[in-house]
1. Would you please name the residue that is farthest from residue E:175 (Cα to Cα), looking only at residues in the stretch E:138-156 that are within 14 Å of chain D (Cβ to nearest Cβ) and of a type in the set (A, V, I, L, M, F, W, C)?
2. Between C:257, C:204, C:249, which is under 11 Å from the mean Cα position of the chain (by Cα), surrounded by 17 or more Cβ atoms within 10 Å (Cβ to Cβ) and of a type in the set (Gly, Ala, Ser)?
3. Conditions: (1) among the small types (Gly, Ala, Ser); (2) surrounded by fewer than 22 Cβ atoms within 10 Å (Cβ to Cβ); (3) without any contact (Cβ under 8 Å) to a residue 40 or more places away in the chain. Residue D:114 meets all but one. Number of the miss?
4. Out of all the residues in the stretch E:93-106, which are modelled with pLDDT of 90 or more, part of a loop (DSSP other than H, G, I, E, B) and surrounded by fewer than 23 Cβ atoms within 10 Å (Cβ to Cβ)?
5. Return yes when residue B:174 is surrounded by fewer than 20 Cβ atoms within 10 Å (Cβ to Cβ) and either of a type outside the set (Asp, Glu) or out of contact with any Cys (no Cβ under 8 Å at 6 or more places or on another chain) (or both) and no when it is not.
6. Filter the stretch C:105-126 down to the residues that are part of a loop (DSSP other than H, G, I, E, B), more than 9 Å from chain B (Cβ to nearest Cβ) and in contact (Cβ under 8 Å) with a residue 60 or more places away in the chain and list them by number.
7. Do we have any residue at all in the stretch C:72-92 that's more than 14 Å from chain B (Cβ to nearest Cβ), more than 18 Å from the chain's Cα centre (by Cα) and in a helix (DSSP H, G or I)?
8. Can residue E:31 be described as out of contact with any helix residue (DSSP H, G or I) (no Cβ under 7 Å at 6 or more places or on another chain), at pLDDT 90 or above and within 16 Å of residue E:163 (Cβ to Cβ)?
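The values are calculated or read from the model by the stated rules, or taken from the named source; none is laboratory data. Computed from a predicted model, the values in this text were never measured in an experiment. Reconstructed Cβ throughout: ideal geometry from the backbone, glycine too, with neighbour counts over all protein chains shown.
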Amino acid sequence: MKYSTASIIKRAGIGLAAATAMMAWSLAAHAEDTYKIGWASDKSNYLSFVDEPLAKGMEVAIDEINAKGGIGGKMKIELDRRDMKSDPMLGATVVQELIAAGAKFIVTTCDTDVSLPGAQMAAKASLPVMSSCGADAAGPSQVPDGFGFLNVPGSLTQGAFLAEYAAAKGYKKAFTLKSKSEGYTHTLANAFEERFKELGGEIVGQAFYTLGDSSYRVTATKMVDSDADVIMSNAFPSDSTAFLKDMERLGNTKPLLLVDGNDTPVIFDAGKQLALSVMATYGGDRSPGSTFSKFEEEYRAKFGADPDSLQTALGYDLVIAVAAAVEAAGSTDGPAVRDALHNLDNVHGATGLITYKDSPIGKGIPKKDYALVKFDLDNKKFITLSTGFPEKFPPVK
Amino acid sequence: MNMLAGKWWKQSLVGSALLLAIVLVIVAIVALAGSTTDMRILMVFLINVIAAISLQTYAGNSGNISFGHVGFMAFGAYGSALFTADPAIKAIGIPNAPAFIREAAIGFLPAMLIGTAVAVVVAAAIGRVFVRLSGAAAAVATLGFMVIIYTLLSNAEELTRGSKAFSGIPEYTTLGWCVALLALTIVVARLLRDSNTGLGLRACADDPIAGQAAGVDILNSRYVMWVASAAGAAIAGALYAHYIGAILPKAFHFELTFVLVTMVIVGGRSITGAVAGAALITILAEVLRRLENGFSIGSINLSEAPGLTTAVLALLIVATLTIRPQGLVSRWEVEELLHRWQFRQKEHASVRAEENHV
Amino acid sequence: MQLALQQFINALSLGSIYALVALGVAILFSILRLANFAHGELMTTAGFTLYMTLASGWNWVLAVIAAIAASVVAALILERVAYRRLRNAQPLTLLMTSFAVSVALQSIFLLTFGARPKGIELPAFVDASFRIGGMRVQWLDIAIILITAAIVFGLTLFLRKTVIGLALRSAADDFQTTRLMGVKANALFVGAFVLSGMLAGIAALFYFATVPNVVPSSGFEPMLKGFIACVIGGLGSLPAAIVGGFLLAFLEVGSDALLSDNFSPYLDAIVFLIAIVILRWRPGGIFGVRLTAEQRV
Amino acid sequence: MHLQANDVVMKFKGVTALDGVDMELRKGEIVGLIGPNGSGKTTFLNVLSGVFTPTNGNFRMGDRQWSKVSLREAARLGIRRTFQNIRLFPSFTVMETVEVASAWLDKGDRRENAQIALDALNFGQYRDRIASELSYGMQRRLEIARAIAGRLEFLLVDEPTAGLNHGESQDIVEVLQRIRGQRGCGIVLIDHDLNVIMNVCDRVIVLAEGKIISSGTPQQVRSDPKVIAAYLGS
Amino acid sequence: MATQGAILSIAGLSVSYGTVHAVRQLDMEISEGETVVLLGANGAGKSSTLNAIVGLAPRSGGRLVFAGEDITRKPTEAIIRSGLALVPEGRRLFSNMTVRENLRLGAAALSTVEFDRERQALEDMFPITRRRAHEQAGLLSGGEQQQVAIARALLARPKLLLLDEPSLGLAPIIVNTIFEIIAELKRRKVTILLVEQNAERALSIADRAYVLAQGRLELSGAAGSINATTLEKAYLGEREHA
């Protein structure tokens, strides 16, 4: 026997002491001059694949701001990210824990529905709360007293934006693919349908899938066989890649419209059908010298690799917006930051200008320009076709 | 005096009281010494215990597992939530729901009863199918039931907002409610377990042929337990809804199923087992989670290993099942454990006395 | 007509995958009474192996072999670490153990590979298809159907012609007497796990040829389908598993293709409902033995 | 009251285990059922107690007549049994084991009734022991205690002395006689120990190859050449 | 006390299932080429003895030496592979498999070529295994099944063949056939340990006999020395008791 029991206990004891010391140290670091963002994030369940890149983007922004001395040159930002495993009950518990740990701003995971109990908990403590990338426009309205925010303009506007594009291209008949498993995977398509019909189009078919479905053969067969002249899919990887593969094998030649969840290199696994596809996303201006490319450079400098999805940029934007609001409020007080955030106007984020002020979509939902991109299959790059915002979109329900 | 003598229901009541007393001690300790987060964990624990005991009422007595009981929790949660939520919020969220739901704003108890009644009606309607199955077929069929309920809820946009969160549920669930309903659950579950029906069913779980030869009606007994356990699960669901304030179908899916089933299997085949299993799993999960968070700030990157908590928990369960397949307390209730402990002490004492003589 | 034919091929191809998964599940169940929920994770293991080998530029043939080998090795490790001690345990304990093993493995995949989908760089021929009378047929589907048929044929041959195959069949029937033939118990268990792992590996190849990404939870859905197939076919019987797999696929494709769009979101529920209705009339599955009082009272 | 079996036939996969058995059992009488291995004794008990549905034949008890009965219904008719391979409830205590039958086949306080059945077999201080941890002899007795709790018209006992030593066997014999005396039930006894059978039975029926080849008092049966042939071979 | 020439020697064998003592302190010996019969009433411990020899029944004491090798602690499959074969009570054929497949399993350790050779040799003695080779074993009659079961056990050319109640549940005419087969095996110098209820038939064929009662050895000796009266006592009990 190499270690005696006593020595094991001793080692464990030292470990424990070290841990306690570290916790004490970390508590001491909560000095007055830091602004703590608490994030009830999914680290280990099905939403962790979007929260991971978001976290990296947030770190880039925090480093950038803290390098300049912090918010307003004096208040450093600190991120406390804890796992809520996409469990709404645990989400509320974690938010409470974060509040107890001194968080002044709460971020929840990338799904407004799963986040809602936690968000309501934050509002009860008079803290502003923002979903990391959740897109349900009804999200903020369910959080009391205007404390709820989104980080993206939401699925209604994106759906409408795609519909306006489709109508402008002269498409008349659309077939949609959606899933009832999530709000995101069908509200966007619903908004598309509503706006498309408004513009004189016709929905000739709807297909539904379950998150994690392996086979889209039946759906693809129906779509190829239909008389639709455009296909709109509300799926994101790996469902969307599987779907596009099946479309490819059935020899589909109809144009496809995709949504922002696919703004990740993973989508290129889908192969040739991407040549027929157009995707709505954010961050239209990705030219050298743009905020987007500046962010990409910082990201590369920090992580030594290209950003692995658009979510990194959205994470960056989140911190930039929060920092701007705190600076404008001149206070870390929850209601003050809330009000300042509601009045945020044209802040430069990686994905473009962020405006919460007088939001046409709904209180707490930022207006950002959408981008339409196509796919450069050889270089695995997204190429911006145009940017814009829908003229009209369905009201928040 | 022999605690286990006398009328069976007297023993049930004594046992219930003892078990409840243990839970109350835990509640008191956390309430006095715990943080706000600890209180939340305690509340979730109490709700889970009610759900686990309810599941146990079917699984522990029949020897059949059910992966479908979160479906009944969902009935309780949505049933109760729909009738209590603020009509103003419902007018926006579910404008197309029937008026008697949209405009309803009734109290906690009647709403909970409605949710429970819905679960009971569904359980009664489908129960005959499930009580005939056992083993892997029962597992798959009950899993199927869970998926069916989940799918229906996800699609019921008009009524429940579908897969989106249904919010505006008044937060009625207090510690008092939890304790009171837990007490009720324990007593009813104990009486059911010890009743002729429960006794016979447990006998059949051990040996169906011998059980039937002693006159037991397996299918009807299972059916009674199935319906009763659905009612208990619905109550837990209602408490869940009114504690969290916003519910969605995803909350009543695989994750919660796994947690509840694990509590029951790890605990053992009794009501006490369900409580012990729930306590063990809750404590383990919390310790692991806090370890992860506690270390997430320093330079040690335990937080960069987010799957670790779940992996460790799952492996601990595997270890428990391997080392003690009958569960923590096996088939015993708390008063039986006490009795057996006393009995063994006495035996040891007499053996020692004999040894001294020699 | 043409559409129907196309959907028929879809169902055959999907049924082939389900049948392979169901076979892998049924082999362990028939001999060990083990309902192995971790079967899906064997498939995920093969998926990640495909991802790693193809990403590092391996020839696809080698990658395929590596993937199947990985899943077999994983099966053997499971046998040794988790299940060997539980040989005489209650079926319910086995079931729960496999459930926990499945969760643990998913978490380990998450730790190792992260939650983001990992793209599997499939060779181009996977996407190839040809036209026949206005109908587009995928070579992949043809390959899946033919290879599955070959595997079922090969497996049948193996189970009928080789001693270990015969022993696997007889052990499912009467374990004690099989030992009386001088067949080693350990060899049987190892054999069963190797077969199950191999089937999981091959099913994973087909699965990931249609879903070009792998995530930690990839195996869950096909595993569940395999189980449903086994249960409606009749747990414990290999032919029943195959029939159950195809039946499930035809059910799925049939309801998806025939039902109106209004029902399409309820597809999962409908399939499960039909499965439960089947179990209502035949609790042992369609081809299951009628549950009678035990013979040896 | 009589329990009558008429022309009972039981076939398994083409093998005829019972081939037209007619039997009349009377209350208050102990009947021995003997025969070589595989002669159909246990099968007859299984058919009588509802484990198997006979291929042909019917039963009559009092004014009730049936051709098919479930295990549970047979128990409710008072046809109670023990098993050749002991079947207890492994996790149950002695008391609980008997309580099951008291609860389902008796009225009144199930614990009191169970206690009475246990007392009849001198279970005294064992009531809280776990059934599966009892000695083999005690397990045999417990099966009998369970079988006599609640309604009892006919008691079918399958090899109660198998694996027991001489003293224990004697004990069982006495218990059976006492039960017959106290409860007035009919008893059907299968046992391989012919000393036991000859000692305790009023009447003995001999089965061979699914048919009754002899019946009568123990003395008659014992000296019947057909019986000796069946046992020793021809 | 293992003597030279004994293929199997059993010393002090006890078998208990939990608290049941099925066999107590049994001593037995079988020499090469012998046919030994083990007699006793129902439940006397005969089958338990056979099962204990091949390691299927729990041995709670004693020592077993087979062909000079201690097999007391060996697992069943190793014992079988060392040259023992048991035809279990009730045949226990794999009823869903064909006759040929059943035979193949009996020779699990042999190569296909060896199997084919052995099989052909046996088919002459058991024509049924050729005639109905591809039929499901479960569909054969009891007597046919018994022949297949014996053939299956012989395929591995065992040094000692254990037969557990081969005539059980068979019609008298079929019993004749089975005993003819046993006699033929004896002529071919197969060493046999036979457990049988049909005592007269068994004694007529055996060289030596052991009689068990309640798990204990009651008497033993040359087959001819055991007469019907002694047996009747062991089987039907003393007349005086009745």
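1. Taking the candidates together, the pick is E:139.
2. Result of the check over C:257, C:204, C:249: C:204.
3. So residue D:114 meets the others, but not (2).
4. E:97
5. Yes, satisfied.
6. Taking the stretch C:105-126 and keeping what is part of a loop (DSSP other than H, G, I, E, B), we get C:114-117, C:120-123.
Adding the requirement that they be more than 9 Å from chain B (Cβ to nearest Cβ) leaves C:114, C:116-117, C:120-123.
Correct list: C:116, C:117, C:120, C:121, C:122, C:123.
7. Within the stretch C:72-92, none of the residues are more than 14 Å from chain B (Cβ to nearest Cβ), more than 18 Å from the chain's Cα centre (by Cα) and in a helix (DSSP H, G or I).
8. Numbers: out of contact with any helix residue (DSSP H, G or I) (no Cβ under 7 Å at 6 or more places or on another chain): yes; at pLDDT 90 or above: yes; within 16 Å of residue E:163 (Cβ to Cβ): no.
So residue E:31 fails the test.
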